[in-house]
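Below you'll find the structure, written out as structure tokens, and then a few comments.
The values are calculated or read from the model by the stated rules, or taken from the named source; none is laboratory data. Keep in mind the model is a prediction, meaning the values are calculated, not measured. Here the Cβ positions follow ideal geometry from the backbone for every residue, glycine too, while neighbour counts run over all protein chains shown.
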Amino acid sequence: MTILELKNVSKFFGGLAANTDISFSLEEGKIIGLIGPNGAGKTTLFNCITGFYPPSQGQILFKKQNITGLQPHQICRLGMARTWQKVRPLVKMSVLDNVMVGALCRTNSLKIAREIAMEQLKVVHIEHKTNMPAGGLPIGERKRLEIARILATNPELLLLDEVMGGLNTSESEEIIQLILETKSRGLTQMVIEHDMKAIMRISDRIVVLNSGEKLAEGTPAEIADNQEVIDAYLGESHA
Amino acid sequence: MNSPAKSAITKPPKSKAPPVTYLLATVALLSLLFAFPQIVDSPYTLHMMILIFLSIILGESWNILGGYTGQYSVGHAAYFGTGAYTTMMLMQYAQVPPWLGVWVGVAVAIIVALAIGSICFRLRGPYFVLASIAAAEIIRLTALNVKSFTNGAEGILATDIPPLKLGAILITDFSSKLPFYYTGLILVLLTILMTWLVQHSKLGYCLQAIREDQDAAHSLGINLTLHKNIALIISAAFTSTAGSFYAVYIGFIDPTSVLSLDMSVQIVLICIIGGIGTIFGPVAGAIILVPLSEALRSNMIAQGLFKAGLVGEESSIGIFLKDNLAHSHVLIYGILVVVVILFMPEGVLGFISKFVHGKTRRGVS
Ligand SMILES: Nc1ncnc2c1ncn2[C@@H]1O[C@H](COP(=O)(O)OP(=O)(O)OP(=O)(O)O)[C@@H](O)[C@H]1O
Ligand SMILES: [Mg+2]
């Protein structure tokens, strides 16, 4: 079953084409890696899909529904949630309150929201920091807070923008485990990542962007063998 | 061993019942406030109390939009003036009693708020602030220039007021401050209750999330436009009520006193000085600012210096102070405000709580 489908999506900033004519689709329950050099247009594509930028051209279908032009909060309600490359904790609110804000997307009861939030904090292993202001978390825990917060919105599709960026090996490994766990619960994930080893390991399929265009798409093995991808991004070491 | 993780989970959620001491202190304070006019009958003291009440209501109202939602409106005089003018004009020209006029004022203020919001909420940060100032100035200039309707710069003096009765009590008797004291006190309690309810509801979470990060809030399913407008409506409605209260209490309004930028800034300062985004910040701000500005205005500082013998009343410095200190009260007020903002960025309440927390933490470890 296709959960998300992009049809010829383009995004222009004045004369700059950040995304050009991008089409691909996501299978339910799978992990799709989105890779490409800096400035390739990965984050811009996330912003188009989640409603932060209206695409200049093209169509986006989520669960067969046309969501092009919907507002971010409407798209979140439909069951799609994203994290931010530059994390955006609600700094003065507590860690628990941050996740409760996500949970309140599905309930009007603070009590239920608090229970959901506690659950998700345990999933990402920061339940011991519940009452701390989110601004006081170190970067690794901030990234996990972002994941807890979107899990609390009860999404079917997660868009993760460099959730391992700036983390050390063991912190990254924890995130990888978290992503795999989330997959085992049947959720679909699209993951932007520069760490090639990690992305090759967790992805079912990979889409490669370069200068705003889709350069290639395929299984990790196919991508690792693709000469164009090697030339534009991977270099010889990963081939 | 009690691991931190375990203790955090087993700890009950933070809404625990207030300890008995808090409850008793609250009851005692409330009784004192209600009995106050029986104990102290100096009209000047009651006048000060009423001004403090007015400032608390204004501060709490602004706090909903500015403190909790992070939309720093510097144009709240628009809603204050709308309430004041609507109630005053209905009372003076149509003999509508103020406790009905106040509701019309609230309705008009909400319409004005939605019109202003539809423009200002397209903007963020400093652009929002500037737009809110401009919108309030438009309202002020309108009141100034539609003379046939508002009497322009001359303002409206309440003269032909019909006998206003509430039950058996005649309250057109403006010489007594009692009705205003109790009305003010009840409005204060209502606005504090309103703030408490907002803070302890889903709405409060959504508003604070918007304050902390609009894009993050939006991505978590919060409708930004809807929630900003809800906050604005609550804020404008209570500000307008304060405006109606002011108009009837003072008995005179003009564009300068109720619609000026000065008024808007005063409202913001109550919160900045006391502590933004907290329930009792505006209370602290009002208790500090009202007496301070009153003392400066009435030249109490120069008098104090003379009494303390620091400056001779007839010396050249003394004469200079006597002549100029009262005129420069706005300047001194401004300097004091800047000093507080520089040294207590979280407001007086934030400063105190940091101080207390710092002490207890050191005491424990
Ligand atoms: N709001 C914007 N206005 C103008 N140009 C933008 C905007 N957002 C992104 N761009 C430009 O679009 C291009 C793609 O940026 P984008 O952030 O999508 O890249 P990315 O693939 O996420 O890069 P990175 O790996 O560094 O995160 C860049 O040239 C960027 O400067
Ligand atoms: Mg990016």
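In table form, for the structure just shown:
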item: Helices (runs of 4 or more DSSP H) wholly inside segment B:76-149 containing at least 2 residues that are closer than 17 Å to B:VAL265 by Cα; result: B:77-94, B:126-145
item: Test result for A:ASN19, closer than 17 Å to A:LEU209 by Cα and either within 14 Å of another protein chain (Cβ to nearest Cβ) or within 16 Å of ligand 2 (Cβ to nearest atom) (or both); result: yes
item: Contacts under 7 angstrom Cβ, first residue in segment A:27-47 being within 14 Å of another protein chain (Cβ to nearest Cβ), partner in a loop (DSSP other than H, G, I, E, B) and near ligand 1 (Cβ under 8 Å from one of its atoms), 6 or more apart; result: A:THR43/A:GLN85; A:ASN47/A:TYR53
item: For A:VAL91: the one exception among (1) more than 16 Å from ligand 1 (Cβ to nearest atom); (2) touching a strand residue (DSSP E or B) at 6+ places or on another chain (Cβ under 6 Å); result: (2)
item: Segment B:277-295 residues that are acidic (Asp, Glu), paired with ones that are crowded, with 21+ Cβ neighbours inside 10 Å and not in a loop (DSSP other than H, G, I, E, B) (beta carbon under 9 Å, 6 or more apart); result: none
item: Residue tally, condition assigned to a strand (DSSP E or B), closer than 27 Å to A:GLU222 by Cβ and either within 16 Å of ligand 1 (Cβ to nearest atom) or not assigned by TED's automatic domain parsing to the domain that holds A:SER25 (or both), over segment A:35-59; result: 2
item: Wholly enclosed helices (runs of 4 or more DSSP H) of segment A:101-197 bearing at least 2 residues surrounded by fewer than 17 Cβ atoms within 10 Å (Cβ to Cβ); result: A:110-123, A:169-184
item: Failed condition for A:MET132, given (1) facing chain B (nearest Cβ under 9 Å); (2) out of contact with any Ser or Thr (no Cβ under 6 Å at 6 or more places or on another chain); (3) more than 20 Å from A:ILE179 (Cα to Cα); result: (1)
item: Qualifying residue in segment A:99-111 (condition: more than 9 Å from chain B (Cβ to nearest Cβ), within 16 Å of ligand 2 (Cβ to nearest atom), within 19 Å of the chain's Cα centre (by Cα) and within 22 Å of B:ILE222 (Cβ to Cβ)); result: no
item: Residue in segment B:217-228 that is within 30 Å of B:ASN151 (Cα to Cα) and either touching a Lys or Arg at 6+ places or on another chain (Cβ under 6 Å) or away from chain A (no Cβ under 14 Å) (or both) present; result: no
item: Options B:ILE270, B:ILE276, B:ILE233, B:ILE250: the member that is within 14 Å of chain A (Cβ to nearest Cβ) and among the β-branched types (Val, Ile, Thr); result: B:ILE276
